[in-house]
Amino acid sequence: MLNISKNPINAHVDLTKYKSAERVFDKTYYKYFNRFLWVFAIVGIIILFLPWTQNITGRGNVTTLTPDQRPQTIQSQIPGRIEQWFVREGDAVRKGDTIMKISEVKSEYFDPDLVERTAQQRDAKAFSVVSYKGKVDAQDIRIGALIKERRLKLEMAENKILQALLKVRQDSMDLVAARTNLRIARTKYVRSDSLFQDGFAALKNVEDAKVKLQETEAKETSQEAKLLRSRNEVLNSKIQISTLKAEYADKISKAESEKFSAQSSQFDSEAQVSKLENQVSNYTIRNGLLYITAPYDGFINKAIRGGIGQTFKEGEELVGIMPANIDLAVEMFVEPIDLPLVHKGEKVRVQFDGWPAIIFSGWPNVSYGTYGAEVVAIENFISANGKFRVLLAPDEDDHKWPKDIRAGSGAYTMALLEDVPIWFELWRQLNGFPPNYYQPVDAGKSKKK
């Protein structure tokens with residue numbers, strides 16, 4: 001029955017009439033398995049057209065949403081020596097609670113009454129400022145009195161000049177009258193002498209006229225001298241005015257010099273007072289720094305500098321503290337090629353280390369143990385690991401994150417992208433293409449507007 005002969009039997013004989021042939025030729029083999037294969041093929045084809053959510057996976061860490069809520073270390077702004085501890089590791093503290101007491105290590109701050117002594121120096125300098133201010137006011141009064149006195153003296157001198165000018169005028173008129181009288185007397189003498197020579201007048205008349213002429217000449221000479229004295233008085237009055245101006249200018253300049261000297265001392269004392277006030281304020285604040293306090297409510301993690309009597313420099317870490325109330329977030333790192341696919345406000349699924357989860361990356365809705373997150377910030381500069389940092393905040397529309405999560409624990413993230421058919425995703429993966437580049441719906445609308 002191998003059909004190797006050139007004359008086959010089935011060409012001449014009808015084998016279907018025989019019972020053995022009926023059992024062999026009409027029987028269907030693997031009927032259920034063939035049905036299963038058909039069903040599996042049909043279901044596989046249907047699955048290829050199901051939607052698949054493209055995503056970007058990455059690893060990250062749990063952190064806090066704001067920098068002031070992250071674990072930190074407490075430093076001292078001044079160098080010191082540890083004197084006393086008030087807390088233990090693991091203790092809960094409230095904002096302002098004293099953690100430790102320190103003491104000074106610099107000799108210039110050893111004096112326990114340093115603030116009081118500096119305040120006394122400041123008060124003494126402040127009194128000196130008041131004294132110099134009083135001296136300045138006294139010099140102002142003195143200068144005003146000198147100016148007023150100079151004005152009065154100058155008015156007196158000017159009045160004296162007016163009087164001297166009037167006297168010069170009067171003496172000038174008297175001189176003119178004396179000269180007129182001299183001319184008349186001379187005329188009378190010449191007339192009397194002429195008449196005496198002609199014999200018409202007596203010698204006595206000539207002598208009387210001559211005496212009168214001499215008296216008139218004497219009066220004229222006296223009047224000239226008087227006029228000169230009056231003019232000299234005018235000159236003396238003018239010189240006196242110049243002397244008064246120079247004298248009082250010198251007095252006023254000296255008073256102003258003393259005033260400016262007092263003002264300079266006042267300003268110097270005010271500067272020293274300000275410096276001392278600054279020192280008092282600095283010493284007061286420095287005394288407050290001798291007690292290390294908690295910056296916020298939290299827990300003491302670790303005492304970095306333990307023991308009693310240890311010295312440290314300013315800025316050295318003393319104790320670590322963890323805030324009590326924090327807003328958790330996740331920082332994920334994405335490859336530079338995937339950065340254009342991530343936008344603010346997009347949804348991300350997060351799995352926390354230590355929390356069981358069943359993940360279907362293409363079907364986030366059927367995943368178990370993952371929590372919703374939202375992109376709130378994207379770093380503009382690449383990190384040291386060669387990736388870009390993306391900050392995720394809890395999604396308010398999804399389940400709340402577990403309360404027992406601590407900052408620093410690991411997380412697995414899936415950034416949800418565009419929905420595509422499964423066959424397209426398989427084709428993309430086989431060809432090594434990146435996920436589809438797209439813009440969020442909101443961004444597209446805003447750009448169109």
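The values are calculated or read from the model by the stated rules, or taken from the named source; none is laboratory data. The structure displayed is predicted, hence computed values, not measured ones. A quick note on method: Cβ atoms are made from the backbone with ideal geometry, for glycine too, and the neighbour counts reach across all protein chains shown.
The figures follow:
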| read-out | value |
| --- | --- |
| Count of residues meeting criterion [touching a helix residue (DSSP H, G or I) at 6+ places or on another chain (Cβ under 6 Å) and within 15 Å of Glu83 (Cβ to Cβ)] in the stretch 267-308 | 0 |
| Residue ID - farthest from Arg169 (Cα to Cα), chosen from residues in the stretch 192-207 that are free of Cβ contacts under 8 Å to residues at least 12 places away in the same chain and of a type in the set (D, E, K, R) | Asp198 |
| In the stretch 393-422, the residues that are assigned to a helix (DSSP H, G or I) and modelled with pLDDT of 80 or more | none |
| Hits in the stretch 299-352 (condition: of a type in the set (D, E, K, R), assigned to a loop (DSSP other than H, G, I, E, B) and within 35 Å of the chain's Cα centre (by Cα)) | Arg305, Lys313, Glu314, Glu316, Asp327, Lys344 |
| Residue that is of a type in the set (A, V, I, L, M) and closer than 29 Å to Leu154 by Cα, where the choices are Ala178, Ala255, Ala202, Ala218 | Ala255 |
| Subset of the stretch 104-114 (residues that are buried (at least 16 other Cβ atoms within 10 Å of the Cβ) and at pLDDT below 90) | Tyr109, Leu114 |
| Residue match in the stretch 363-379 (condition: at pLDDT 85 or above and of a type in the set (S, T, N, Q)) | no |
| Test: residue in the stretch 64-79 that is within 34 Å of the chain's Cα centre (by Cα), among the polar types (S, T, N, Q), part of a strand (DSSP E or B) and at pLDDT below 85 | yes |
| Residue check for Glu158: under 30 Å from Ser222 (Cα atoms) and surrounded by 13 or more Cβ atoms within 10 Å (Cβ to Cβ) | yes |
| Matching residues, the stretch 173-224, being of a type in the set (S, T, N, Q), surrounded by 14 or more Cβ atoms within 10 Å (Cβ to Cβ) and closer than 30 Å to Val234 by Cβ | Asn181, Thr216, Gln223 |
| Test for Thr98: is it at pLDDT below 85 and either surrounded by 14 or more Cβ atoms within 10 Å (Cβ to Cβ) or within 30 Å of Arg349 (Cβ to Cβ) (or both) | no |
| Test for Asp140: is it over 30 Å from Ser264 (Cα atoms) and in a helix (DSSP H, G or I) | no |
| Count - residues of the stretch 285-297 that are within 24 Å of the chain's Cα centre (by Cα) and either outside the structural domain of Gln84 (by TED's automatic domain parsing) or over 22 Å from Ile326 (Cβ atoms) (or both) | 3 |
| Pair list, Cβ under 7 Å, 6 or more apart: the stretch 55-71 residue touching a residue at least 24 places away in the same chain (Cβ under 8 Å) and under 14 Å from Pro323 (Cβ atoms), other residue acidic (Asp, Glu) and crowded, with 17+ Cβ neighbours inside 10 Å | Thr63/Glu331 |
